[in-house]
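Novice: Just dropping this structure here.
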Amino acid sequence: MSKWPVSSLQGKLHIKHGYPFKSEYFSDDGHYVVLTPGNFHEAGGFKRQAGKEKYYLGDIPEDYLHSKGDLIVAMTEQSAGLLGSCAFVPEEDTYLHNQRLGLISTDPKKLNKSFVYYLFQTKSVRKQIRLTSTGSKVKHTSPERLYAVTAPLPKVDEQKKFAAVLSALDAKIDCNNRINAELEAMAKTLYDYWFVQFDFPGANGKPYKSSGGKMVYNAALKREIPLGWHDSSVLAVADLLGGGTPTKKKQEYWSGDIPFFTPSDADGSIFKFSTADYITDEGLKGSSTKLFSKHTVFITARGSVGRLVLAGVDMSMNQSCYALRAKAGISHVFLFFLAKELIHHLHVKSSGSVFDSIVSNDIELTKLAIPKGEIIEKFAAVVEPAFEKIANNTKENQQLAQLRDWLLPLLMNGQVRVA
């Protein structure tokens, strides 16, 4: 039972619908980005859609050009649970919002904007938005339906305190994510420098190719590679394994302690420590899935095709993915980036056609330049500590998110007070 008075949002906030931007002015490049519900995390928050953003080249209606810190809400469902999600616009003079979004403004004497952001993440508010939405296939809501939402509403000073606590947790999560992105980018740059441009440290410590290191033409790769390297598939350094799914007809196979990885769990994080579904020991033994060890590389083969994830703990995997297990003496970080190079080759190969699946032959028959083992070892010595930091940050973020989600309903219902 809430300690705060329950009332509707009517008269306390205003929602402005987005603009119907004309598709003929959309482009793959430009300055102004049209926001869509695809820019929202399900739990609240903003994300960029790398390679999928819609840039607008037509006349820009200034009333629909966002300022940094604007609060927007998804008025149309793009994926399950997304309807009603909120996000703060991260940049000035860049983003436009279309008619599937709403711009939230509040009466500062009645509602704190940051409080609204977290209020719209609570189960009770999400349930109300869902139940009052329209549409049989794609759900929609409206400003009027959102105004009718009821919730416990403390005084504005209390709202600000609650939002500050939750914002501090989100700020730490965001900081960790930015550190992880920088560490990954640094490791990727080094990988490209060593294994794509072939400027790994030579015998004299100088960049191999740039310093005149001997290159040999490889007919299979149709280019020169360093002397002593060879062409092969990724299977020269890893074992290729498949997964499976325990039958849903046996309840004893599910809701156990073993993480069960599927393409929907590939959310952009390098490491994965938990999954949406879990199976039991009986489910593992009673199906064709396996227990894949920590640092196994998962490749999504259907659904969200070509995404890569490193298992942060031992976990199982379904048949819509492949697993690459590094051979003895091979760094999992090197394998991760080699798999990225493989996916890039498959993308290039499929240019002009739909890249909607990966089959085992794609992995087994795609030739790559495979370096000498000692070079892989030198690379691992440099980058594995960075990936260990990424893993630790990811685990910390998971703990922080769990704490935030535990605190959220307690704060909103007045069961926890902030001094």
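Novice: Quick one: what do you get for region 307-414 if you divide its Cα Rg by 2.2 N^0.38 Å?
Specialist: For region 307-414, the normalised Cα radius of gyration is 1.45.
Novice: Moving on. Considering the alpha-carbon set of region 234-366 alone, what are its Rg and its Dmax in angstrom?
Specialist: Cα-based Rg and Dmax for region 234-366 come out at 14.6, 45 Å.
Novice: Rank-order 314-320, 281-287 by packing density, defined as the average count of other C-beta atoms within 10 Å over each peptide's residues, highest first.
Specialist: 314-320, 281-287
Novice: For the chain, take the alpha-carbon Rg, divide it by the Kirkwood Rh, and send me Rg/Rh.
Specialist: Using only Cα positions, Rg/Rh for the chain is 1.02.
Novice: For region 6-153, what is the per residue volume of the convex hull drawn over the alpha-carbon atoms, in cubic angstrom?
Specialist: 107
Novice: Enumerate the amide H contacts of Ile258 below 5 Å, restricted to partners 5 or more residues apart or on another chain; note that Pro and chain-start residues carry no placed amide H.
Specialist: Here the answer is Ile279, since their amide H atoms fall under 5 Å of that of Ile258.
Novice: Given an 8 Å cut-off on Cα distances and at least 6 residues of separation, report the relative contact order of the chain as a percent.
Specialist: After rounding, I find 15 percent.
Novice: For region 33-39, in order, what is each residue's ³J(HN,Hα) by Karplus, 6.51 cos²θ - 1.76 cosθ + 1.60 with θ = phi - 60°, in whole Hz (x at glycine and Pro)?
Specialist: The phi angles translate into 9, 7, 6, 9, x, x, 8 Hz.
Novice: Still on this structure: Could you pull out every residue, at least 5 positions away or on a different chain, whose amide H is within less than 5 Å of the one on Lys139? Hs are placed 1.01 Å off N in the peptide plane, and Pro or chain starts have none.
Specialist: Hits under the 5 Å cutoff: Glu77.
Every number here is computed from the coordinates shown, using simple stated rules; none is lab data. What you see is a predicted model; the values in this text were computed from it and never measured. Methodologically, a virtual Cβ is constructed for each residue, glycine included, from the backbone with ideal geometry; neighbour enumeration extends over all protein chains shown.
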